[in-house]
Structures are given as structure tokens and as C-alpha cells.
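Beneath this line is the structure, given in C-alpha cells, with notes to follow.
The values are calculated or read from the model by the stated rules, or taken from the named source; none is laboratory data. The structure presented is a predicted model; accordingly, all values stated were derived computationally and were not measured. Glycine gets a Cβ as well: all are built from the backbone with ideal geometry, and neighbour counts include every protein chain shown. Keep in mind that these areas ignore ligands, DNA and RNA; they rest on the heavy atoms of the full protein, side chains included. Shrake-Rupley method; radii C 1.70, N 1.55, O 1.52, S 1.80 Å.
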Amino acid sequence: MKEILNQYKNADMQFIRTTKSAVIITGILLLTACSAPKVSNKLDAAKLPENFDAQRKEASTETFIPLKTETFFKDPKLEALLKKAIAKNPDYLIMQERILIANSHLKVAKLALLPSLDLVADASGTHFGKYTMEGVGNYDTNFSQNITEKQRINEDVTPNLFLGAKVSWEADIWGKLSNRKKAAQQRFFASQQGMRLLQTRLLGDIADLYFKLIALDKQAAIYDNNLKTQERALDIVSAQRSVGKATELAVQQFNAQNNNIHAEASELKLSIDQTEKALLTLLGEYGGKVDRSSDFLAGHLEVLNQKISVDSIIHKRPDVSEAYFELLASNADAKSARAAFFPTVNLGGYAGFNSFSFNTFFDAGSFAWQLLGGLTAPVFNKGQIKQEFYVSNRRQEISFLQYQNAVTTAFNELSALLHRNEAYEDVLKYKLNEIDHLEIAVNVSNDLYLSGYANYLEIINAQKNKLQAELDFVDIQLRNANSQVLLYKALGGGIN
């Protein structure tokens with residue numbers, strides 16, 4: 001009875017010692033947690049205005065519907081070029097590979113939360129010296145009366161055989177691994193938005209070059225038509241000179257102007273070739289011709305008449321979304337760096353066959369297992385941990401400033417572009433009226449010259465003014481088309 005009481009007493013003492021140890025360890029963990037610095041939680045940018053138009057009082061709550069290239073530009077040939085670029089453009093294909101890399105990082109971060117399991121097969125042979133602890137121990141063991149023949153140890157070469165599995169697991173108590181996973185996940189999302197951003201930039205570059213080709217084609221046609229007009233005027237002056245009604249000076253002036261137009265037309269052909277080659281480079285093709293429309297097709301401008309929710313459209317832009325996901329990733333990095341201040345709990349073990357004899361390797365008595373548990377708390381390396389946390393926190397501040405800048409840029413860009421296209425409509429209307437009047441002026445100048453009421457200089461000026469007005473009209477059309485491209489990019493772009 002007394003022995004039983006002593007056993008209970010010893011058990012109670014052991015429990016008390018274990019409890020005290022647990023309390024001490026818990027106290028250490030709490031003190032360590034209290035000493036860890038805090039993570040900056042600055043994630044929200046300054047509040048956006050309620051609308052883009054400062055004179056509009058009411059704010060729109062309509063959700064912005066992403067645009068589509070085929071309905072915005074309404075040019076099937078441009079749409080075909082965009083699809084071709086998505087399939088062949090090297091930069092776009094590189095971005096796709098980077099997304100796959102980001103997805104791989106995400107999978108690795110997810111798997112870090114799970115235990116690692118390794119299958120192990122080890123075999124070694126050791127000759128222990130007679131004056132080593134192992135050598136003396138093996139020698140004495142073989143003389144023991146408590147072992148069987150199978151348990152005798154080969155003293156010449158002692159094998160050590162193991163076949164089994166080892167498992168290890170870091171308990172994610174403080175969220176270090178889960179925050180790493182979150183950071184990888186947010187960067188994967190950011191890479192997807194980066195893909196959209198690249199799509200938008202690629203679309204913009206292709207559309208700009210495409211519209212420039214159309215403008216150059218139209219200007220080339222204008223030069224051809226003006227050359228025909230100039231040649232008719234030269235024929236008239238040459239005929240007048242033959243009968244003494246015009247001077248050699250007039251003929252040479254018309255010849256000089258014709259040669260000038262020929263030179264400008266030849267230079268224009270060079271610009272067409274260079275622009276076409278630049279567009280083919282974006283398409284990932286060697287040479288060839290770019291199939292294009294003969295005129296600028298009307299853009300989809302219904303969006304200008306919509307009441308667009310500022311918050312809805314700004315945060316759907318790929319550049320803003322990419323910056324936001326990067327901000328979330330940097331915040332998770334900072335939290336993971338903070339978790340390094342706390343102790344790390346590692347659990348593990350192994351199970352398998354372990355023997356010093358080939359004959360007994362697969363006997364039931366060779367089966368062995370072990371459970372392991374460890375607690376590691378940083379002490380003297382805290383200087384490094386603090387610096388890593390400091391860097392992570394500063395990177396989060398940088399990400400926040402980049403996100404704020406992306407939001408501000410997006411808002412001001414849209415404010416400037418939303419009604420820009422409407423202004424070009426009036427400019428084009430007035431320029432077209434100017435061309436109509438100059439067309440009449442050219443015809444009238446020819447008639448007046450034949451009647452003797454105008455000189456050759458008036459014909460030259462009328463034709464020059466008409467040529468310049470027609471070229472300016474095409475240039476304004478091109479700027480209008482470029483403005484539509486900028487508007488599409490500012491509204492979120494992408495290729496849908």
C-alpha cells in the first residue's frame with residue numbers, strides 16, 4: 001500500500017513539474033509575442049471623388065461593364081490583328097510563362113503548410129576501433145547472457161540498415177507559412193492583372209500603328225489626287241504660254257510644285273513601309289502586308305454618355321488592380337516576417353525497419369519508430385530578424401504609395417479623356433467645311449485664270465491650301481482615333 005502511495009505521489013510531482021514547465025514556456029512565448037513590432041496596416045487609398053465631372057452633383061452607382069474591342073472599335077480587320085498578336089506576340093507569350101511561374105510559387109507556398117514525408121533507405125557499414133565506446137560496447141554485448149544468437153553484433157564490420165519513412169511538420173502557429181501562401185496567391189492575382197495590362201498596352205500599340213497606316217494611305221490618296229489637279233493646271237499654263245498668254249516663270253513654278261508633291265508622296269510611301277514593318281513586328285511575323293480598312297470606322301462612343309461609377313471603373317483597371325494585389329502581397333510578407341520573432345514548433349518522427357544484421361532486417365523485432373518535437377526561439381539572431389521585418393514593412397509602404405499613385409493617375413487620366421472625343425467632332429466638322437470651300441476656290445481660280453481675272457500664283461496658292469487642309473483633316477482623324485485608343489485603355493482595356 002505504501003508503495004502505491006509513493007507511486008501516486010511521484011506521479012503528482014511529475015505532473016506538477018510538467019505543468020510548471022508548460023507555464024514557463026507559455027510565459028516565454030507571451031513575452032516574445034509582446035516584444036514583436038507591429039505591421040503597418042495601411043491598405044486603403046484616399047477616398048475617390050463621387051464622379052468625374054466636377055459640375056455633376058449626383059454620383060452614379062452603376063457598375064461599369066468591361067469593354068469589348070469588336071464593339072468599341074467596330075473594325076473587324078483590326079480585331080483580326082489583335083487576335084493574331086495574342087497568339088504570336090513574344091512579349092505576351094513571355095507574360096504567359098511568368099503567370100505559370102507565379103502559379104508554381106503559389107502551389108509551393110500551399111504545400112509548405114502540409115507535413116513533408118520522405119521514404120528513406122539507408123545502408124552503412126562501420127568498423128569500430130577497440131578503444132572506442134562503440135567498439136567496447138559491442139564487444140561486451142556479445143558476451144552478455146541476455147541476448148540471443150540473432151542479437152549478436154558483427155565486430156569486424158557493423159552494418160546499420162534502415163528502410164522506412166520520415167515525416168516532419170512545422171506547426172504554423174503564428175501564421176508565417178499561411179501569410180507566405182497569401183503573398184504568393186496575391187502575386188499570382190497581380191500577374192493575371194499584369195497580363196491584362198500587357199494586353200491593353202499591346203492593343204494600344206497595334207491600334208495606333210493600324211490607324212496610322214490608314215491615315216498614311218488616305219494621305220497618299222490625297223497626294224495622288226492633287227498631282228492630277230496640278231498636272232491639269234500645268235497643262236493649262238503650258239497651253240497659255242504657247243499662245244503668249246503665260247510666262248515661262250509660271251510654267252517653272254508649276255513644275256517645281258509638282259516635283260515637291262512627288263517628293264512628299266515618295267517620303268510618305270517610305271513611312272507606310274516602316275509603319276507596316278513595325279506593326280508586323282508586334283504580330284511576330286516576318287514581312288508581308290497588313291490587311292487594313294480604307295477609312296476610320298466610327299468608334300463606340302456610347303460610354304461617353306453613361307454615368308459611370310468612379311469606384312467601379314477605377315478598381316477594374318488592370319494597373320490599379322495589379323498595384324492593389326501587390327499591396328496585399330507585401331502586407332502578407334510583412335506579417336510573415338513578423339512571425340519570425342516567435343518560436344518555431346517542429347514535429348516529426350520516423351517508422352521503419354532498423355537493424356545491424358541482414359538476416360534480421362525484416363523481423364518484427366527490427367521494426368522501430370520515433371516521435372520528435374522541438375521548440376526553437378530566436379535569441380541572438382534577432383538583429384537580422386528585425387532588419388528583415390523592417391525591410392518588409394518599408395516595401396509595404398512603397399507598395400501602398402504605388403497603389404495610391406495608380407489610383408490618382410487613373411482618375412485624372414479618365415477625367416481628361418472622357419469628353420475629349422466629343423471635342424474632335426466639332427474640329428472635324430469645321431475642317432471638312434474648309435476643304436469644301438477650298439475645292440470650290442481651286443475650280444474658280446482655274447476659271448478666272450482662263451478668263452484673265454486671276455494670275456497663276458492664285459492657282460498655286462489655292463491648290464496648296466487645299467492640299468494642306470486635306471492633310472490636316474486626316475491628321476485630325478488620326479488624333480481622334482488615337483484618342484479613342486487612349487480612352488479604351490483608360491477604361492480598363494483588355495481583349496475580350
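For this structure, a couple of remarks:
- Filter result for Phe143 (open to solvent by less than 40 Å² (accessible area, probe 1.4 Å) and either farther than 21 Å from Asn482 by Cα or within 42 Å of the chain's Cα centre (by Cα) (or both)): no
- Leu471 vs. criteria of a type outside the set (Phe, Trp, Tyr), at pLDDT 85 or above and open to solvent by less than 40 Å² (accessible area, probe 1.4 Å): yes
- Options Ile440, Ile385, Ile398, Ile476; residue that is under 30 Å from Val251 (Cα atoms) and in a helix (DSSP H, G or I): Ile440
- Members of the range 95-112 found to be touching a Leu at 6+ places or on another chain (Cβ under 9 Å) and in a helix (DSSP H, G or I), listed by number: Met95, Ala109
- Test: Ala454 is without any contact (Cβ under 8 Å) to a residue 12 or more places away in the chain and in a helix (DSSP H, G or I): no
- Checklist (1) open to solvent by less than 100 Å² (accessible area, probe 1.4 Å); (2) within 27 Å of the chain's Cα centre (by Cα); (3) more than 17 Å from Ala190 (Cα to Cα); (4) not acidic (Asp, Glu) applied to Leu111, failing item: (1)
Condition check ((1) more than 30 Å from Asp295 (Cβ to Cβ); (2) in contact (Cβ under 8 Å) with a residue 60 or more places away in the chain; (3) assigned to a loop (DSSP other than H, G, I, E, B)) across all residues:
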{"site": "Asp140", "(1), (2), (3)": "yes, no, no"}
{"site": "Lys150", "(1), (2), (3)": "yes, yes, no"}
{"site": "Leu161", "(1), (2), (3)": "yes, yes, no"}
{"site": "Gln185", "(1), (2), (3)": "yes, yes, no"}
{"site": "Phe211", "(1), (2), (3)": "no, yes, no"}
{"site": "Leu227", "(1), (2), (3)": "no, no, no"}
{"site": "Gln230", "(1), (2), (3)": "no, yes, no"}
{"site": "Ile236", "(1), (2), (3)": "yes, yes, no"}
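- Considering only residues in the range 172-194 that are open to solvent by 20 Å² or more (accessible area, probe 1.4 Å) and among the hydrophobic types (A, V, I, L, M, F, W, C), the one that is farthest from Ile314 (Cα to Cα) turns out to be Ile173.
- Of the listed requirements (1) outside any helix (DSSP H, G or I); (2) closer than 30 Å to Ala80 by Cα, Gly244 misses just one: (2).
- Subset of the range 354-380 (residues that are touching a residue at least 60 places away in the same chain (Cβ under 8 Å), part of a loop (DSSP other than H, G, I, E, B) and within 17 Å of Asp172 (Cα to Cα)): Ala377
- Ala462 fulfils the conditions (1) under 35 Å from the mean Cα position of the chain (by Cα); (2) assigned to a helix (DSSP H, G or I) except for a single criterion, (1).
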